[in-house]
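The values are calculated or read from the model by the stated rules, or taken from the named source; none is laboratory data. No experiment lies behind these values; they were computed from the predicted model shown. Backbone-built Cβ (ideal geometry, glycine too); neighbour counts: all protein chains shown. Only protein heavy atoms, including side chains, enter the accessible area calculation; ligands, DNA and RNA are left aside. Shrake-Rupley method; radii C 1.70, N 1.55, O 1.52, S 1.80 Å.
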Amino acid sequence: MKQISTQRHQLAEGPFWSQSEQALYWVDIPACQVWRWHQESNEYQHWTLPKKVSAVFTTQSDRLLVALADSVAYLDKSTGELEHLCDLDTDIPGNRSNDAKCDPNGVLWLGTMDDAEEQASGRLWKITPEGKRTLLLEGVGISNTLAWDEARGRFYFGDSMTRKVHAFPYPEFYDVRSQKPFFEVKEGIGADGSCIDAEACIWNANWDGSRIVRYSPEGEVLQTIELPFSKPTSCVFGGADGNTLFITSASVATSESELAEKPLSGHVVAIDLKATLGLDITGEPSQPFAGA
């Protein structure tokens, strides 16, 4: 396991692997920061934004797309300037953006949540490159896990407050939350961010569970990776051969004694799955946003 981040983050999230740049992006939500690490040069960049930021994506130009607390905007990497694309839950002031991913067509799917984690006031939005919003779900606690399995016509979406991840139909989406979930984690654990591998298996970060769990398309647990920190937040496949799993984590709500005992808490780490675990598994690189 290799440490990627150079500093401990409060809430590192949204890992995004850029295949064209061979670089990893991630955010620290409460620190309002976007980070970039270029693998070959081992160089870092970061941008501090005026509001909390929960996700970052490359685009069809040199700009980035960022999910801010109450809006979506383009970020100019050279100047740090933001260009507004669309608002989010401005009618619910306590809400902020959380997990977000682009679908196979480069359309942004973005989940929101109550920043105080008390109300199930979150939503799921679909946002086109033109900035047109479509409301897909309401009544969401903590939006997490967005992944697509096109071959099976599935979109995976989770709510950490209910501890459930459901398989929704895709592309003809409708609400299936009243049905049996695709998987459900134990009480005291949050089903946080996920990614999907080339075998259509879901890799889910277990918040307060100190592990990443791999589920088959049938929902069966195939592998469990124990981690040296309690709060993994998400994961993504990357690296030159797609066999590296990058994992973000948090240090919030963690005691000083635990931070001393688990110094990688709040860091971003990388695991070479083949070399470390003997798993010859790859995943798709992150999907950029279709806008410019």
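Observations on the structure shown:
- Condition met for Phe229 (in contact (Cβ under 8 Å) with a residue 40 or more places away in the chain and open to solvent by less than 10 Å² (accessible area, probe 1.4 Å)): no
- Any chance Val56 is at pLDDT 95 or above, closer than 21 Å to Ala253 by Cβ and buried (at least 20 other Cβ atoms within 10 Å of the Cβ): no
- Filter pass, Pro181 being surrounded by fewer than 16 Cβ atoms within 10 Å (Cβ to Cβ) and under 30 Å from Asn243 (Cα atoms): no
- Residue selection: Lys126 fails the criterion of being of a type in the set (D, E, K, R) and closer than 21 Å to Trp207 by Cβ.
- Set Leu279, Leu264, Leu259, Leu245: member being open to solvent by less than 50 Å² (accessible area, probe 1.4 Å), part of a helix (DSSP H, G or I) and not aromatic (Phe, Trp, Tyr): Leu259
- Unmet requirement for Lys274, which otherwise passes all of (1) within 26 Å of His38 (Cβ to Cβ); (2) without any contact (Cβ under 8 Å) to a residue 40 or more places away in the chain; (3) in a loop (DSSP other than H, G, I, E, B): (3)
- Residues of the stretch 208-226 satisfying the condition of being assigned to a strand (DSSP E or B) and in contact (Cβ under 8 Å) with a residue 40 or more places away in the chain: Gln223, Ile225
- Within the stretch 173-203, tally of residues that are of a type in the set (Lys, Arg) and closer than 16 Å to Gly111 by Cβ: 1
- Residue match in the stretch 230-238 (condition: in a strand (DSSP E or B) and small (Gly, Ala, Ser)): yes
- None of Arg177, Arg154 is within 25 Å of Arg96 (Cβ to Cβ), charged (D, E, K, R) and more than 15 Å from the chain's Cα centre (by Cα) except Arg177.
- Count of residues meeting criterion [in a strand (DSSP E or B) and open to solvent by less than 50 Å² (accessible area, probe 1.4 Å)] in the stretch 86-123: 18
- Extreme residue, most open to solvent (accessible area, probe 1.4 Å), among residues of the stretch 124-156 that are at negative phi and outside any strand (DSSP E or B): Glu130
- Of Ala200, Ala205, Ala167, Ala191, all but one fail to be surrounded by 15 or more Cβ atoms within 10 Å (Cβ to Cβ) and in a loop (DSSP other than H, G, I, E, B); the exception is Ala200.
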